[in-house]
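Read the structure below first, then the notes.
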Amino acid sequence: MRGKPFRIGWATNVISKNERIRSVAELRALGWDEGRDYVFVESGVPFGAAMSVAAERIVAEKPDLIIVVNTAYAVAVQRRTASIPIVMWVTGYPVEAGVADSLARPGRNVTGNSGYAGTGIWGKLLELIREASPRIGHVGVLLDYLPPAHPPEEAEPVRRELAEGARALGLQLRVAEVRMREELQGRLVELANAGCEAFLFTTGPVLLQARQEVLEFAVRHRMPTITDWDTFPELPGLRPLLVYSPPYEELRRKTFEYVVRILRDRAKPGDLPIHLPTKFDLTIYLASAKAIGLELPRALLLRADRVIE
């Protein structure tokens, strides 16, 4: 029997107090108690900032396992250790980014979740925003799944799927890259001036922090919005009209199932298949529809997993 608790490292600080509570509860459901079976070790670096510093700090702590919250952190940590197991909370395209050999057998020292690989999510996002407002013919995309926060290899499948989805739906598409927050207002104006009638925005570190700026602009211009992740739903502020994303609870559960299998059962991360979501959830925020004077089709409302006032 192990005489001391496992040290579970986080490449970033745990994202929020509530998420820490949920993580502890997930491990408790698997029979593990904090302090007795494990302790969390954080890099001391917040999400989205100084990625290489975060990776260096957490590897220097020599934890028994490291949890990463996106592909770029997986890349940064894997460059610094080939021996410490890495579990990905959520990633986009880990094979394209080079951290895994395949989804079925990732190899090396990494496993975890992919939210997007092989799911066709980007075409579905376009389909949903068109269904919400059938008059839409031109969609603007704010894309921040870009270096340094994301590997460059992840942007290519996003762009490809968006282009394929737009062709299938007969939509015009304009993609604006946002690498720094200072670029955002210019990109928003560029898309509006180009005649875009709706926004699809990603939720990397730049737009995660600037989401209220995006949503305020969209409301002023009476534009529907859709995104791939419901970021911090407990916080106040405007919401996108639609969110279509993997269930966060499923990704959290699989993350800690893998943590326990690797640490307690001594499974090799490279032998554990990268998990793909079993479903995607559609959330509709009615206040966002009201703010832009949009009446949503009843069929869309009935299909939603959550309709929030």
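The values are calculated or read from the model by the stated rules, or taken from the named source; none is laboratory data. All values reported here derive from a predicted model rather than from experimental measurement. When we count neighbours, we look across all protein chains shown, and the Cβ atoms used for this are built from the backbone with ideal geometry, even at glycine. Ligands, DNA and RNA are excluded from the accessible area calculation, which covers all protein heavy atoms including side chains. Shrake-Rupley method; radii C 1.70, N 1.55, O 1.52, S 1.80 Å.
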Exposure ranking of R7, R253, R211 by accessible area [1.4 Å probe, largest first]: R253, R7, R211
The stretch 134-215, dipole about Cα centre (Lys/Arg Cβ +1, Asp/Glu Cβ -1), debye to the nearest 20: 240 debye
The chain: relative contact order as a whole-number percent, Cα under 8 Å and 6+ apart: 18 percent
Check: the chain dipole with +1 on Lys, Arg Cβ and -1 on Asp, Glu Cβ, in debye: 520 debye
Average accessible surface area per residue within the stretch 1-154, 1.4 Å rolling probe, Å²: 39 Å²
Mean Cβ neighbour count within 10 Å, used as a protection proxy, ranking 167-173, 115-121 highest first: 115-121, 167-173
Per residue, in Å², the accessible surface of the stretch 165-309 once ligands and nucleic acids are set aside, probe 1.4 Å: 48 Å²
Relative contact order (%) - the stretch 12-63, alpha-carbon pairs under 8 angstrom, separation at least six: 42 percent
DSSP beta bridges in the chain [antiparallel fraction, %, rounded to 5]: 10 percent
Amide H contacts under 5 Å for H275, placed H, 5+ residues apart: G112, N113, S114
Share of carbon and sulfur in the accessible heavy-atom surface of the chain [1.4 Å probe, %]: 51 percent
Residues of type lysines that K254 reaches as a straight line, Cα spacing below 28 Å, ignoring anything fewer than 8 places off in the same chain: K4, K17, K62, K124, K268, K279
Sequence-separation-based contact order of the stretch 197-309, relative, with Cα cut under 8 Å and 6+ spacing, percent: 24 percent
